[in-house]
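The values are calculated or read from the model by the stated rules, or taken from the named source; none is laboratory data. In this text the structure is predicted, and so the values were computed from the model without any measurement. All Cβ positions, even for glycine, are placed from backbone atoms using ideal geometry, and neighbour counts span all protein chains on display.
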Amino acid sequence: MIWGSDMNTRTKIKTAADALMTAALPVLMCYSLVGETAHEVVGIAMFGLFILHHALNFGWTKTLFKGRYPPKRIVGTVVNAAVLICMMGLMYSSLVISKHVFAWLKLGGAAVARTVHFLCAYRGLTLMSVHLGMHIPQLAARFGLKSKPLIWGLRVVSGAVAIVGIREFIKLRFADYMLGRVSFAFIDPTASAVLTMLGFLSVVMLFAYVGYLAETVIGKVGPAE
């Protein structure tokens, strides 16, 4: 079974929410292929899952100003703060530029909101992926992954997908979009939606792998407490 027998209901909900958010990322990035209405609906679901994620991890928030801050905790906190900023930018801009679900709000500032939405979307995907990667050891513990051959096998597979992600990162012009060099993302409308989503997913895996490696290296610099 995918759920460990010792995994409580709260942990199951957290894991399911994290998995759904990860799956939603490539769908949201394929805006022109899934359609405006679907994009907005999936986006609302993403925000709901994000709020649920924080509610379930409120214990971390309560300890934010307590205890020492070794390198590992500093990096983790900075990444989390950056993700929060991107999500807030996406929430604001989504309300402004919505053409369907929130069109009735008729908020002004669409030009600025589109730029904010665009930048936060691409930067947010990379940051959320890094955040995910930094928590891979915890995810492995949730599922009771202790077999070294299996763990190494997963590392090899993840590394292979990450290599594909490098190619897709270049092909999808992530650097240009993240730095604001281009103000509109072009996705070939004739391309397969599934293959395009898998391309974005490989970029997610790339940055998750970066986060995992960073967590491993930084964790050796000082104690995690």
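Values computed for the structure shown
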| read-out | value |
| --- | --- |
| Phe169 being surrounded by 12 or more Cβ atoms within 10 Å (Cβ to Cβ) and over 26 Å from Thr15 (Cα atoms) | yes |
| Any hit, region 141-159, residues being within 21 Å of Val83 (Cα to Cα) and either surrounded by fewer than 21 Cβ atoms within 10 Å (Cβ to Cβ) or hydrophobic (A, V, I, L, M, F, W, C) (or both) | no |
| Residues of region 71-125 classified as within 19 Å of His39 (Cβ to Cβ), polar (S, T, N, Q) and in contact (Cβ under 8 Å) with a residue 40 or more places away in the chain, total | 3 |
| One residue from Thr37, Thr63, Thr9, Thr15 being among the polar types (S, T, N, Q) and either at positive phi or at pLDDT 90 or above (or both) | Thr37 |
| Single residue of Ala23, Ala113 found to be within 15 Å of the chain's Cα centre (by Cα) and among the small types (Gly, Ala, Ser) | Ala23 |
| Hits in region 186-196 (condition: surrounded by 11 or more Cβ atoms within 10 Å (Cβ to Cβ), out of contact with any Leu (no Cβ under 8 Å at 6 or more places or on another chain) and of a type in the set (A, V, I, L, M, F, W, C)) | Val194 |
| Conditions (1) out of contact with any Phe, Trp or Tyr (no Cβ under 9 Å at 6 or more places or on another chain); (2) modelled with pLDDT under 90; (3) assigned to a helix (DSSP H, G or I); number of the one not met by Gly222 | (3) |
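Table: residues versus (1) under 19 Å from Val203 (Cα atoms); (2) surrounded by 15 or more Cβ atoms within 10 Å (Cβ to Cβ); (3) out of contact with any helix residue (DSSP H, G or I) (no Cβ under 7 Å at 6 or more places or on another chain).
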residue	(1), (2), (3)
Ala19	yes, no, yes
Met29	yes, yes, no
Leu33	yes, yes, no
Val42	no, yes, no
Met46	yes, yes, no
His53	no, yes, no
